[in-house]
Amino acid sequence: SINNSITQNTMFNNYHGVYSINSDNTTILNNNISLSDVYGVFLHNGTSGSTVKSNSLYSNQYGTYLKQNSNSNSINNNTIYRNSQYGVYSTGTIGNLIQNNTIYNNTQGIYLDNSANNNITSSTIYGNTQNGIYTINSNNILIDPTTFYNNTYSILLNASNHSSLFQLTIYNSTY
């Protein structure tokens, strides 16, 4: 599907809040998504050029999950919190923008696995019990003006090459 809009909804107590597969240019805007069994928002298998913007994603297992060739998406201006596992999880993706989000009180704030050329910018990431940002096998990651505090690890890059970190503010984290 192409050019869909999911706007101003309240979704709770579902298996997934929004599940988008093989969809391009989908807009997920101004929704309140909570208490999903697994994913608040799931961009799966080739969902590209989509926007997840100005949503509250909380008390799910994953706030937002981008998987397998879900490339060139924008995750911005969201409040992502109290998810039992991940605020934002990305695996097998390229070129996503994660910008101007507030991500807090998850186990992991942002987790990138085998995801290249992603930009994380102008966000506030705090109070995550493990990592603010964790990357594994994810190259060419840009992290710039972002504030981290009260995470166990603010940023952990594991087998992730050619990444750039600029203008970060980090305080009150264990490592």
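The values are calculated or read from the model by the stated rules, or taken from the named source; none is laboratory data. Just so you know, these numbers come straight off a predicted model, no measurement behind them. Cβ atoms come from the backbone with ideal geometry, glycine included; neighbour counts cover every protein chain shown. Areas reflect the complete protein model, heavy atoms only, side chains present, ligands, DNA and RNA absent. Shrake-Rupley method; radii C 1.70, N 1.55, O 1.52, S 1.80 Å.
General observations
- Of the residues making up segment 85-100, those that are assigned to a loop (DSSP other than H, G, I, E, B) and under 22 Å from ASN158 (Cβ atoms) are GLN85, GLY92, THR93, GLY95, ASN96.
- If the condition is being open to solvent by less than 20 Å² (accessible area, probe 1.4 Å) and either of a type in the set (Val, Ile, Thr) or under 19 Å from THR79 (Cα atoms) (or both), then segment 128-175 contributes ASN128, ASN131, GLY132, ILE133, THR135, ILE141, ILE143, THR146, PHE148, ASN151, SER154.
- Pairs, first open to solvent by less than 60 Å² (accessible area, probe 1.4 Å) in segment 1-16, second hydrophobic (A, V, I, L, M, F, W, C) and assigned to a strand (DSSP E or B), C-beta under 6 Å, six or more apart: ILE6/VAL18; ILE6/ILE28; THR7/LEU29; MET11/ILE33; HIS16/PHE42
- Restricting attention to segment 145-165, the residues that are part of a loop (DSSP other than H, G, I, E, B) and touching a residue at least 24 places away in the same chain (Cβ under 8 Å) total 7.
- If you go through segment 62-78 and keep only what is buried (at least 18 other Cβ atoms within 10 Å of the Cβ) and assigned to a loop (DSSP other than H, G, I, E, B), you end up with SER70, ASN71, ASN73, ASN77, ASN78.
- The condition (being more than 11 Å from the chain's Cα centre (by Cα), touching a residue at least 12 places away in the same chain (Cβ under 8 Å) and closer than 24 Å to TYR149 by Cα) is satisfied by just one residue among ILE94, ILE136, ILE110: ILE136.
- Hits in segment 109-127 (condition: surrounded by fewer than 24 Cβ atoms within 10 Å (Cβ to Cβ) and in a loop (DSSP other than H, G, I, E, B)): ASN114, ASN117, SER122, GLY127
- None of ASN78, ASN71, ASN55 is closer than 26 Å to ILE155 by Cβ and within 10 Å of the chain's Cα centre (by Cα) except ASN78.
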